[in-house]
Each structure stands twice: as C-alpha cells, then as structure tokens.
Amino acid sequence: MMAPAATALGFELRVLAEGPDVSAVSAVAQAPLGDYKDLEALREFAQGVDVLTFDHEHVPGEHLRELLASGVNVQPGPDALIHAQDKLVMRAAIDRLDLPNPAWAEVATVEDLVAFGDKTGWPVVLKTPRGGYDGKGVRIVSSPAEAAQTQDWFDVMSPLLAEAKVEFSRELSALVARTPDGEARAWPVVHTIQVDGVCDEVIAPALHIPIEVAAAAEEAALRIAHELEVTGVMAVELFETPGVGYGFLINELAMRPHNTGHWTQDGCVTSQFEQHLRAVLNLPLGATDLLGPIVVMKNFLGGANQDLFSAFPAALAAEPGAKVHCYGKSVRPGRKIGHVNLVGQSPDEVDDVRRRAGMVAGIIRDGRATAATGQDAQVHQQNSEETP
C-alpha cells in the first residue's frame, strides 16, 4: 500500500519479499526474494537504497545495527524499534516517560505470575514480549489455578509480561509521524473496534471524546516519538479509561503504517503511507486534515467467498462512494484480506456510514449481499486467549 504513494512522488520502492506469492510482489517493480532474518540477504538488499524501512517489526535488531555500522540508512533505527519489538522494553519506557501504563511486571516463573495476580487482583493478562500481534501471544489468566497451567508458555519464552486487566470504555489509536530532523505531525485520535483481538473497524475522528483527553493522547504519542527518536509512522494503541489518569492507558506501540491508520488513504490530505515515505526520507511532512467530518474504515477477513472479484460488481454498485482496498492475499478464514473506506458528510451520520461500509465489506467477504450493519462488532475484553 506504500507503492502508489511512492509512484506518485516519483520514488522507486523495492521490497524484500519472503516468497514469490506475497502481495507486495505485484505492487512494485523490484521485489527480490529473501529472508529478513538473514543478515547477508539484508546486506545485499540494502545496496544502493537511500533508506531501509519496514512494514513489520520483526527484523532482528542486531542485524539492523550491523547495517547501520556499514553505512545503511535504517529508519526507524534499532534503538527506537526495540520498543515495538519487545513489550517489556516498551512498558519500562512508558514508565520512564511518566505516561499512563496499566500495572505490569516482568514475570519469569508461574510463582512470579501468581504473586503479581495476588497483588493487583485477578484476572491478569499474560503476554509474550515478542512476536505477538492481533491477539496472538496473549492469554487471560483468571486465578492462581489457571496460572499453574501457564508453565508451557514459560517453557517457550521467559520472562513474560504480566499486566493488570484494564476496564475500559473503548479502544483508541493515536497515529503520528516524525522525521529524523524532529518534525512531527499527528492525525486525529480515532476509535478502533476489535473483534477477537483483530481490528474490525476504525471511526475517525473518535466521537464524543473529551477535548482534553484527545489532546493528551496526541501529546503523549508525539512525546513518545520524540523521546524514543522514532522515525516514520507510529501508532500508539490506547484504552479509554474515563476518570482514570489521563483518561486513557497506553496499550501497545507499532512503528510502521498501521491498520488503525488505513482510513487516511481516502479520508485525509496525507495518507499514512505517503507520510511514512516523507518521514523516513527526511522530507517535509504533509497536512493531516480530514477530507470529511467522519471517516469509517471497515476490514474484511477471509470468509465464504474465494473469488473476491466476482463480488465487486454488487459491492461497488451498492455504495459508489466506498473505496475498496484488496490486498491480493489468498483467502483464508480470519485472515485480513482488505478494507473499505467511506467518508461521511456529518458525524451525525456515523451509524449510517458504518452500515454502508459494512455492507460493502460483507458483500466482498461472503460473495452476496448481507445484512451487515457495521454496528454488530462486539468489543473484545481487552485480549483474546491465544497460544504463544
């Protein structure tokens, strides 16, 4: 999704692809195959590029340091990226910046987990510090007896992260971008709706949020970006907690274009994808003004319809204002394969905009018209139970 922005600006974008069938291969002219965990493959790929950046956080930090030492321009750098790679490092940094964290602890054993739960109250949330996303690597532990059943996780990875389970009203996301020279811009704080730990919908801007809470969330995200010397786009995922602390607690960080920012493609002057390119190349950042008073992004996951394009006539006819973004991925149940953006004319129309975006996504997912309302998503209980 960065390719159209690169083309418009006249930049050549290259992608290190993990296989010939990944969707990025069809989007760029040069997509050599290689393993991002292989330092020599990274060295070869980085030859001749102006900047090396990421669409996920899993490239080993030690490899990035080797690349930096050899003169490669890596953005964001490993000292910043580690805060998105390791949740224990991230939690410690948020504490150090005196920003609102849930209660948390590094736990190396089942006994440590029980002690944390007894201190903070049950249930607690157990997370793998590295590798988790979309609810994976997250486990709700409701009692000391359940804690005793987590030994398999400690056998795989130790220490783990334990967090107090947060009571929240909704989830929010504060998206910002920063250049190496320190210019930074924020998009409006948005409301994100999760289903089974996966982002389902985004409403931009978040409606009925107190002005001071929205301002504090933007300020916190910008401060994190500056203090950690983040470059490119960063998403700060938040729990809204009315009456507690700043009115929010920080959940996680992502240092890359993020699913909660996909609405910016069609709902904002500068998309997160163009902004990321501008930022990592140290170019002036673009305006982040909305193109309408309300924007809805609706994901669609793999479902009954294997031939997505067969549903396009019905989907596009159902809502001519909808912008469909299909990722070119093979269809598997529960896999993110695309999203729909729709701009509304008034915040008062948000329910109708959600219904219309949900209808288009449902037609593509199921291959037929559905009764999707865009409002039937059940907000998850902070995290779903998954294996590490």
- request: Tell me, yes or no, whether region 22-32 has at least one residue that is touching a strand residue (DSSP E or B) at 6+ places or on another chain (Cβ under 7 Å) and of a type in the set (Val, Ile, Thr).
  value: yes
task: Could you tell me whether region 91-106 includes any residue that is assigned to a helix (DSSP H, G or I), within 29 Å of GLN151 (Cβ to Cβ), touching a residue at least 40 places away in the same chain (Cβ under 8 Å) and assigned by TED's automatic domain parsing to the domain that holds ARG130?
output: no
task: Could you list, in sequence order, all residues of region 19-38 that are surrounded by 15 or more Cβ atoms within 10 Å (Cβ to Cβ) and either part of a helix (DSSP H, G or I) or of a type outside the set (Val, Ile, Thr) (or both)?
output: SER23, ALA24, VAL25, ALA27, ALA31, GLY34, TYR36
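Looking at LYS329, LYS298, which is the one that is assigned to a loop (DSSP other than H, G, I, E, B), of a type in the set (D, E, K, R) and surrounded by 15 or more Cβ atoms within 10 Å (Cβ to Cβ)?
Answer to the check: LYS329.
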- line: Taking region 185-200 and the residues there that are at pLDDT 95 or above and closer than 27 Å to ARG278 by Cβ, the one that is surrounded by the most Cβ atoms within 10 Å (Cβ to Cβ) would be TRP187
query: What is the residue count in region 39-54 for residues that are over 22 Å from ALA279 (Cα atoms) and either part of a loop (DSSP other than H, G, I, E, B) or modelled with pLDDT under 95 (or both)?
result: 0
field: Residue count, region 280-330 (criterion: on the phi > 0 side of the Ramachandran plot and either among the β-branched types (Val, Ile, Thr) or at pLDDT 95 or above (or both))
entry: 1
statement: In region 1-18, anything more than 22 Å from HIS262 (Cβ to Cβ) and outside any loop (DSSP other than H, G, I, E, B) is listed as ARG14
- prompt: Only one residue in GLU237, GLU218 is in contact (Cβ under 8 Å) with a residue 40 or more places away in the chain, out of contact with any helix residue (DSSP H, G or I) (no Cβ under 6 Å at 6 or more places or on another chain), assigned by TED's automatic domain parsing to the domain that holds GLY362 and assigned to a strand (DSSP E or B). Which one?
  reply: GLU237
- request: Identify all residues within region 12-52 that are of a type in the set (Gly, Ala, Ser), closer than 14 Å to VAL74 by Cα and in contact with a Leu (Cβ under 8 Å, 6 or more places away or on another chain); write none if there are none.
  value: ALA46
- prompt: Do we have any residue at all in region 183-203 that's among the aromatic types (Phe, Trp, Tyr) and under 20 Å from the mean Cα position of the chain (by Cα)?
  reply: yes
- line: Subset of region 307-326, residues touching a residue at least 24 places away in the same chain (Cβ under 8 Å), closer than 20 Å to ALA24 by Cα and loosely packed, with under 14 Cβ neighbours inside 10 Å, comes to ASP307
- prompt: From ALA206, ALA225, ALA174, which residue is surrounded by 21 or more Cβ atoms within 10 Å (Cβ to Cβ), in contact with a strand residue (DSSP E or B) (Cβ under 7 Å, 6 or more places away or on another chain) and in a strand (DSSP E or B)?
  reply: ALA174
message: Condition first: under 19 Å from ARG256 (Cα atoms), among the small types (Gly, Ala, Ser) and in a helix (DSSP H, G or I). Now tell me which residues in region 57-78 satisfy that.
response: GLY61
- prompt: Of LEU16, LEU64, which residue is within 30 Å of LEU161 (Cα to Cα) and either surrounded by 15 or more Cβ atoms within 10 Å (Cβ to Cβ) or within 25 Å of the chain's Cα centre (by Cα) (or both)?
  reply: LEU64
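The values are calculated or read from the model by the stated rules, or taken from the named source; none is laboratory data. As the structure is a prediction and not an experimental result, all values here were calculated from the model. All Cβ positions, even for glycine, are placed from backbone atoms using ideal geometry, and neighbour counts span all protein chains on display.
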